[in-house]
Amino acid sequence: MSTNDKPANERPRKKPDEVETTGHIWDASLQEYNNPLPRWWLWGFYATVVFAVVYWILFPAWPIGDGFTKGLNTITFEQDGEEVTTHWNTRSLLARDMQTGTHAVRQREMLETVGAMEYDEILADVDAMSFVNAYAKGSYGTWCAACHQTGGAGVMAQYPNLRDDNWHWGGTVEQIEETLVLGRLGYMPGYRETLNSEQLEQVAAYVLSLNGYEMDEESVSAGGDIFTGELGGCFQCHGMDAAGIASQGAPNLTNDLWGLVDVPGAADDAERVARVSSFVHEGVQRVMPAFADRLSPTEIKVLTAYVHSLGGGQ
């Protein structure tokens, strides 16, 4: 008969410093302590069980076949101008917060304020430009950074640099806005069937000479005749002075700012001539999409001010 089986009044009393056991003994000395969990811990555990049950009832929780339990809790927000009530989920919560949250309301107010301002007012107002830089940075990252890169430096020979002052279609706020609204189709025909290799090099020498590079005088003279004559006809887009025509999207060829040909990266004049002549031989076509159907007029205005402020706005 174990100690635990004896009546309580016959069990030996536990000494004050002695650890209570269950009374079971194995191998003469191995005993099991009787240490019940603290009451506060047990109540805490019971509370978590109750909380879990309530959560399962109110919120999406358990997978069922191809779906899941939706929960009883609902959330209301606006979608396409109509009020929508659906079961609680994080997407709906985000949609509501973006419509009614403190920061969202403040953002809409500032967007309306900036949208009602003229460009010269926006560019001169510190608070307005602070908002433009914060808000449009996100729009730029979504719609523009894939081509023009995060900082607006573009990609040599592919996408224009927005941080310099070399604007193919013009760098005023009105021209930048027009570019965003309508999109652009940049095109220069290839002269592979029009000019032979010598003539291509002569045109390249002429263009390089306009930017301060020392070229062979005979090549420069012959290239100038081609550039301004019927054979090349380059003047029709770039102008007789080669300073470019914004309405055509034709860049200035005299400012030593190269966006489509990596002239600065060439090792010597021979390589510069080769790179420019190759570009003239191949031509180029670049398409920038229109954003009128993707962004609201106010969002386009804010993005326009942001692009203008990157460093190259006129």
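Looking at the stretch 258-267, is at least one residue exposed (fewer than 15 other Cβ atoms within 10 Å of the Cβ) and closer than 30 Å to M117 by Cβ?
No, the stretch 258-267 contains no residue that is exposed (fewer than 15 other Cβ atoms within 10 Å of the Cβ) and closer than 30 Å to M117 by Cβ.
A quick yes/no check of all residues on (1) among the hydroxyl-bearing types (S, T, Y); (2) at pLDDT 90 or above; (3) surrounded by fewer than 16 Cβ atoms within 10 Å (Cβ to Cβ):
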| site | (1), (2), (3) |
| --- | --- |
| F131 | no, yes, no |
| A134 | no, yes, yes |
| K137 | no, yes, yes |
| T142 | yes, yes, yes |
| C147 | no, yes, yes |
| G151 | no, no, yes |
| A157 | no, no, yes |
| V173 | no, yes, no |
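If we only count strands (runs of 3 or more DSSP E) wholly inside the stretch 1-120, which ones have 1 or more residues that are under 30 Å from Y306 (Cβ atoms) and modelled with pLDDT under 90? I'd like the intermediate steps shown before the answer.
On the way: elements: 21-26, 30-33, 74-79, 82-87.
Here the list reads 74-79.
If you take the residues of the stretch 284-300 that are in a loop (DSSP other than H, G, I, E, B) and not aliphatic (A, V, I, L, M), which of them is farthest from C147 (Cα to Cα)?
S296
Pairs under 8 Å by beta carbon, first residue over 11 Å from I226 (Cβ atoms) in the stretch 194-213, partner assigned to a helix (DSSP H, G or I) and acidic (D, E), six or more apart or different chains?
Listed by first residue and then by second, the contacts come to L208/D269; Y213/D269.
Against the condition assigned by TED's automatic domain parsing to the domain that holds L210 and surrounded by fewer than 16 Cβ atoms within 10 Å (Cβ to Cβ), how does S277 come out, does it pass? It would help to see each step written out before you state the result.
Numbers: assigned by TED's automatic domain parsing to the domain that holds L210: yes; surrounded by fewer than 16 Cβ atoms within 10 Å (Cβ to Cβ): no.
Considered against the rule, which asks whether it is assigned by TED's automatic domain parsing to the domain that holds L210 and surrounded by fewer than 16 Cβ atoms within 10 Å (Cβ to Cβ), S277 comes out as no.
Which of the residues belonging to the stretch 227-257 are crowded, with 20+ Cβ neighbours inside 10 Å and of a type in the set (F, W, Y)? Give the derivation first.
Of all residues in the stretch 227-257, those crowded, with 20+ Cβ neighbours inside 10 Å come to 227, 232, 234, 238, 242, 244, 249-253.
F227 - this is the single residue of the stretch 227-257 that is crowded, with 20+ Cβ neighbours inside 10 Å and of a type in the set (F, W, Y).
How many residues are more than 23 Å from the chain's Cα centre (by Cα) and under 30 Å from Q175 (Cα atoms) when one looks only at the stretch 74-108?
0
Please verify whether the stretch 181-201 includes one or more residues that are loosely packed, with under 15 Cβ neighbours inside 10 Å, among the charged types (D, E, K, R) and touching a His at 6+ places or on another chain (Cβ under 7 Å). Spell out the reasoning first.
Narrowing the stretch 181-201 to residues loosely packed, with under 15 Cβ neighbours inside 10 Å: 182-183, 185, 187, 189-190, 192-193, 196-198.
With the extra rule that they be among the charged types (D, E, K, R), the set shrinks to 192-193, 198.
Remaining after also requiring touching a His at 6+ places or on another chain (Cβ under 7 Å): 192.
Within the stretch 181-201 (the criterion being loosely packed, with under 15 Cβ neighbours inside 10 Å, among the charged types (D, E, K, R) and touching a His at 6+ places or on another chain (Cβ under 7 Å)), the answer is yes, since at least one residue qualifies.
The values are calculated or read from the model by the stated rules, or taken from the named source; none is laboratory data. Please read all numbers here as calculations on a predicted model, not as lab measurements. So basically every Cβ, Gly included, is an ideal-geometry build from the backbone, and we count neighbours across all protein chains shown.
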